[in-house]
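Reviewing the structure listed below.
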Amino acid sequence: MHNVGKIMIAAAVAVGLSACAPSEQASTQSAGGPSSPAAASKPAPTTTSAAAPATTTGAATGPECTADDVKVAGAAGTKPTITVPTTCAPPKTLIVKDLVPGTGKEVVKGSTMLTHYLLVTWSNKAEKDSSWSRNQPFPLENVGQAAVIDGWNEGLVGIKQGGRRLLIVPPDKGYGADGGGRMTPNETLVFVIDAVEVA
């Protein structure tokens, strides 16, 4: 994930990423990497959920979904499939869940890594971006302060090389109320991210 203006990094733009990665660099790219409103860096636990104001277009009403409500199929190292539920509302806080624990080096703040990712938007349950579709991993430098959305900077800390992680990113950790010109306003983002290599 190169420059991902809030979700994508500028490098992602060069790679063709544009609007799917977590970071402010994503604004310089199109959907394809974490480049959305990002500026905070907080280590994310294996699974977290908290309240924060956010409204997503087309969102179901009722209780907030949990990580277990979002279904992910596919083995690490291959393009996954993500099924977003219609029976619960999008979470209002960042959700982080390891789907496959890695066994290699762990990502800490400041790490450089290569990722593969798939992004599905909550409102329409559709694929928005995928590094697998480009057959090229997305590079991410200085995790925690990378030019990607906050959801990536916070949610990738702690993943180990070889691991696969689910991130459910609320609007305030993604592209925000205006969608950053890449997403529907107040969009909730669902990422599955593989830690291909951690330096």
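Every number here is computed from the coordinates shown, using simple stated rules; none is lab data. Quantities reported herein were computed from a predicted structural model and do not represent experimental measurements. Because the Cβ atoms are built from the backbone with ideal geometry, glycine has one as well, and the counts that use them run over all protein chains shown.
What to note about this one:
- The trypsin sites (Lys or Arg not before Pro) found in the stretch 110-199 that occupy coil by DSSP, while having at most 14 further C-beta atoms within 10 Å, are 125.
- Ranked 183, 113, criterion: other C-beta atoms within 10 Å, fewest first: 113, 183
- The ranking of 112, 86, 184 from fewest to most other beta carbons within 10 Å of each one's beta carbon is 86, 112, 184.
- Modelled FRET efficiency - R0 45 Å, residue 199 with residue 71, Cβ distances, 0.05 increments: 0.90
- A cut-off under 12 angstrom between Cβ atoms defines the neighbours of residue 92, and their net charge, with Lys, Arg +1 and Asp, Glu -1, is -1.
- Here the Debye sum runs over all C-alpha atoms of the stretch 79-178 as equal scatterers in vacuum, and log10 of I(q)/I(0) at q = 0.13, 0.21, 0.24 Å⁻¹ comes out as -0.47, -1.27, -1.57.
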